1. Cβ neighbours within 10 Å, averaged per peptide: list 57-65, 139-147 in order, most packed at the top.
2. What is the packing order of peptides 41-49, 148-156, taking the mean over residues of other C-beta atoms within 10 Å and listing the highest first?
3. So if the hydrodynamic radius of the range 1-148 is defined as the Kirkwood radius over C-alpha pairs, what does Stokes-Einstein give as its diffusion coefficient at 4 °C and 1.567 mPa s, in µm² per second?
4. For a test of the definition: using alpha carbon positions, the gyration tensor, and the 1.5 limit on a/c, classify the range 69-126 as rounded, prolate or oblate.
5. If you count only protein heavy atoms with a 1.4 Å probe, what accessible area per residue comes out for the range 1-131, rounded to a whole Å²?
6. If R0 is 35 Å, what FRET efficiency do you get for THR97 and SER151 from their C-beta distance, rounded to 0.05?
7. For SER124, which sequence-distant residues (separation of 5 or more, or a different chain) have an amide H within less than 5 Å of its own amide H, given hydrogens modelled in the peptide plane?
8. At a Cα cut-off below 14 Å, give the aspartates and glutamates reachable from LYS110, other chains included and same-chain residues fewer than 8 away excluded.
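The values are calculated or read from the model by the stated rules, or taken from the named source; none is laboratory data. Just so it is clear, the model here is predicted, and its values are computed rather than measured. Methodologically, a virtual Cβ is constructed for each residue, glycine included, from the backbone with ideal geometry; neighbour enumeration extends over all protein chains shown. Accessible surface areas use protein heavy atoms only, side chains included; no ligands, DNA or RNA. Shrake-Rupley method; radii C 1.70, N 1.55, O 1.52, S 1.80 Å.
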Amino acid sequence: ENLELAPLLEVFKDTIGEIPFTSVDTQRTDLFLSDIYPGPGGVVPPFSYRIDVNFPQLSDLQQLSIRRGIARLRVENHLGVDLDSFSVELVDSVSGTPLTTIIFESGIKKDSTKTRDFDLSNKSVSSKLSGNNKGHTPGDTVLTLADKYISFNLCFPDTVFAYSATAKIPAINLSRNQPIELPTSNIINSAQIKNGNLYLQINNRTNLPAN
């Protein structure tokens with residue numbers, strides 16, 4: 001018996017979903033004792049300071065809207081003095097939006113390092129970040145200021161997942177099975193097609209190449 005199948009149009013779509021982003025860069029910037037203390041070497045009295053530090057521009061991203069992920073700040077105190085109070089407010093320099101404030105409750109002793117991870121979920125970051133750094137030292141004896149500094153090291157220790165990104169991202173594999181059901185008016189369990197045409201049109205609505 002000859003059977004005919006009425007024209008059938010089926011449309012389905014898929015999305016990339018979460019975009020993984022991994023950066024190997026560690027952004028480091030240094031703040032010298034002479035930047036926050038104008039006096040000569042010798043006995044450094046107790047003092048407080050507040051200063052902005054700018055991180056080098058991230059080379060592998062322009063903008064990330066992060067769904068989930070963390071960043072890490074490592075601070076090394078080579079100032080020659082203890083810091084008994086210390087905090088950093090991380091700011092997106094492009095938008096001026098504060099991202100987080102990291103407080104080191106007990107400060108940072110001289111010649112020591114402290115690391116803090118902080119959550120960036122549901123926040124947007126650009127390639128230019130800065131830190132509003134505040135601190136206080138009880139003072140000490142420092143013979144020369146020339147080689148005294150504190151370093152700030154910022155990185156993404158693990159993959160972060162974004163819902164929007166302008167960045168270097170790895171290859172993404174998409175796989176989907178979509179059943180196509182015939183109209184109930186076509187009572188066909190199985191058939192061998194004698195003639196007919198099947199058209200498959202794929203539209204890539206992302207700004208990424210697909211192969």
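1. Details: 57-65: 16.7, 139-147: 13.0.
With the highest mean Cβ count within 10 Å placed first, the list reads 57-65, 139-147.
2. With the highest mean Cβ count within 10 Å placed first, the list reads 148-156, 41-49.
3. Details: Rh = 18.4 Å.
Answer from the Stokes-Einstein relation: 70 µm²/s.
4. Numbers: a/c = 2.67, a/b = 2.19, b/c = 1.22.
It is prolate, given that a/c is not under 1.5 and a/b is the larger ratio.
5. Each residue of the range 1-131 exposes 57 Å² on average to a 1.4 Å probe.
6. Working: r = 25 Å, r/R0 = 0.71.
Computed FRET efficiency for THR97 and SER151 comes out at 0.90.
7. ILE66
8. Partners found: GLU76, ASP82, ASP84, ASP140, ASP147.
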